[in-house]
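The values are calculated or read from the model by the stated rules, or taken from the named source; none is laboratory data. The shown structure was predicted, so the numbers you read here are calculated from the model rather than taken from an experiment. For neighbour counting, all protein chains shown are included, and Cβ atoms are generated from backbone atoms with ideal geometry for every residue, glycine included. We work out accessible area using only protein heavy atoms, side chains counted, and drop any ligands, DNA or RNA first. Shrake-Rupley method; radii C 1.70, N 1.55, O 1.52, S 1.80 Å.
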Amino acid sequence: MKHLFLSQYVKHGIKGEGIMIGCLLLHGFTGGPFEVEPLSERLAAQGWSIAAPTLPGHGDEKDAMKQVTWKDWIKKAEDELKELLLTCSEVYLIGFSMGGMIAAYLSTKYQVSKLVLLNACVYYINPAQVYQNIAEAIKSNFTANSEIIKRYMEKSLSAPVRSIVHFRRLITVLRPELSKVTAPTLILQGERDDLVEPRSAEYIYDQIESDIKEIHFLPQSKHLLLRDCEKEQVFELVERFLMTELAPQPT
């Protein structure tokens, strides 16, 4: 393993003098801006222009997910990125879970300064495995991992089958695009992630063509990386990566 060390819609930030930095944060499948909110608030405190949109079909509107496709998720993220690029001289992309795959893809189409991927989902646990884990938990009277079981329920049962198909399609289409990523990239992965297989991080690290890339594993963290027990370490890694002038490491 290589290591290189060196609401419905949320938008906030203060324009400062000199370089104006913009940051687009993308949430995961069936999630929302709350998944990236702790980080977006910290970065907004730097005076940056922050966008953390709700992807189409997500949020509180009932049955909205049934009306959209994987292309709608990408288009929404792309539109938000275009808006930031119009007003900011530097733009950073941060993607969580499914949002990580979208962010990586957009970095190949637009001039972004840095890319951060948080539990990006190349390999994910399929619904059959989720239901099997739930069934086993029921047999054991829910005596273990109740938090994980609750998240399984919310993630699997709230998403229409049609949406799961579109999610899978998005991952299938965007996975080959990873080889086109050249932006400086930070990859963070929780080793106890129960929804995204940790080997996803290794795959991404090996596939991208970035001259500058880092990968870090958080041994105690599950899927919601920005709200878990090692969140302060995550914040520190992200802020250092985004705020440090980067140069390619000597080979």
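Screening LYS155 on (1) within 22 Å of ALA52 (Cα to Cα); (2) at pLDDT 60 or above; (3) under 17 Å from the mean Cα position of the chain (by Cα) shows it passes everything except condition (2). Just a yes or no: is a residue in region 64-81 in a loop (DSSP other than H, G, I, E, B), loosely packed, with under 15 Cβ neighbours inside 10 Å and on the phi < 0 side of the Ramachandran plot? Looking through region 64-81, none of the residues is in a loop (DSSP other than H, G, I, E, B), loosely packed, with under 15 Cβ neighbours inside 10 Å and on the phi < 0 side of the Ramachandran plot. Taking each residue of region 184-212 that is over 14 Å from LEU118 (Cα atoms) and looking for partners that are part of a strand (DSSP E or B) with beta-carbon atoms closer than 6 Å, six or more apart or interchain, yields PRO184/LYS114; ILE208/THR185; SER210/THR185.
State all residues of region 162-176 that are of a type outside the set (Lys, Arg) and under 16 Å from the mean Cα position of the chain (by Cα); if no residue qualifies, say none. Once the filter is applied, which keeps residues that are of a type outside the set (Lys, Arg) and under 16 Å from the mean Cα position of the chain (by Cα), region 162-176 yields PHE167, LEU170, ILE171, LEU174. Does VAL238 fit the bill of being among the hydrophobic types (A, V, I, L, M, F, W, C), under 15 Å from GLY95 (Cα atoms), in a helix (DSSP H, G or I) and modelled with pLDDT of 95 or more? It is true that VAL238 is among the hydrophobic types (A, V, I, L, M, F, W, C), under 15 Å from GLY95 (Cα atoms), in a helix (DSSP H, G or I) and modelled with pLDDT of 95 or more.
Which ones in region 194-217 are assigned to a loop (DSSP other than H, G, I, E, B) and touching a helix residue (DSSP H, G or I) at 6+ places or on another chain (Cβ under 8 Å)? Selection gives ASP194, LEU195, ILE208, GLU209.
Residues are listed down the side, and each one gets a yes or a no for (1) open to solvent by 50 Å² or more (accessible area, probe 1.4 Å); (2) of a type in the set (Val, Ile, Thr):
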{"position": "ASP193", "(1), (2)": "no, no"}
{"position": "GLU197", "(1), (2)": "yes, no"}
{"position": "TYR203", "(1), (2)": "yes, no"}
{"position": "ILE212", "(1), (2)": "no, yes"}
{"position": "PHE217", "(1), (2)": "no, no"}
{"position": "LEU226", "(1), (2)": "no, no"}
{"position": "CYS229", "(1), (2)": "yes, no"}
{"position": "VAL238", "(1), (2)": "no, yes"}
{"position": "THR244", "(1), (2)": "yes, yes"}
